[in-house]
Amino acid sequence: MKIIKLFLIFLISLTSNLSFSQNNLIDTLNYEIIYNYQYQINVEDSLNIQTERMVLKIGYNLSEYSSFNRTLINEKLKEMSLSGNVDMRNVPKAKILYKVVKDYKNNEMLFFNSFGTTKLFFSEPLNQISWTLINEEKEILGYKCKKAIANFLGREYTAWYSIDISLSD
């Protein structure tokens, strides 16, 4: 079973536009959370743990979850389309290529992925994860955090959360 651990790196309050061109969805960006995502590709190889920086952007009606590196790549590609030349040599490669958008107004979760030049998209109803709260605590970046676990869509998740941060996404 794949085990995924989420560690909150830092939280930045922002106010700007959050837009999703694939569906012409626009929202106001309230928070941008960047953290390390650790995952195990092969259930039988517990020593091979991969890490990717991820970004969760949260608005009033939408949230977007994607690779931080993928976000940087997309920004550079936009720059290139406007100016004609951008140096991509120092942009890190993204391991996680998919993006998940939650549309709270329509109670829908949108999945975007690509394989080579093929773009994939599907949507499904927004399901809530049923978390089990564990009596375990630790401090992360000065926050007193509690542990929660869940099984969702065939995967086991472990999350650390703080009641001092009132976000649920």
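The values are calculated or read from the model by the stated rules, or taken from the named source; none is laboratory data. Keep in mind that what you see is a predicted model, and the values were worked out from it rather than measured. Glycine also receives a Cβ, built like all others from the backbone with ideal geometry; neighbour counts cover every protein chain displayed. All accessible areas refer to the heavy atoms of the entire protein, side chains included, with ligands and DNA or RNA removed. Shrake-Rupley method; radii C 1.70, N 1.55, O 1.52, S 1.80 Å.
Below are the figures for this structure:
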{"item": "Criterion (modelled with pLDDT of 85 or more, open to solvent by less than 30 Å² (accessible area, probe 1.4 Å) and more than 23 Å from A148 (Cβ to Cβ)) met by exactly one of D27, D45", "result": "D27"}
{"item": "Every residue from the range 42-73 that is within 23 Å of T158 (Cβ to Cβ), touching a residue at least 24 places away in the same chain (Cβ under 8 Å) and in a loop (DSSP other than H, G, I, E, B)", "result": "V43"}
{"item": "Only one of K102, K119 that is in contact with a strand residue (DSSP E or B) (Cβ under 8 Å, 6 or more places away or on another chain) and open to solvent by 60 Å² or more (accessible area, probe 1.4 Å)", "result": "K119"}
{"item": "Considering residues of the range 49-70 that are open to solvent by 20 Å² or more (accessible area, probe 1.4 Å) and hydroxyl-bearing (S, T, Y) only, the residue farthest from the chain's Cα centre (by Cα)", "result": "Y60"}
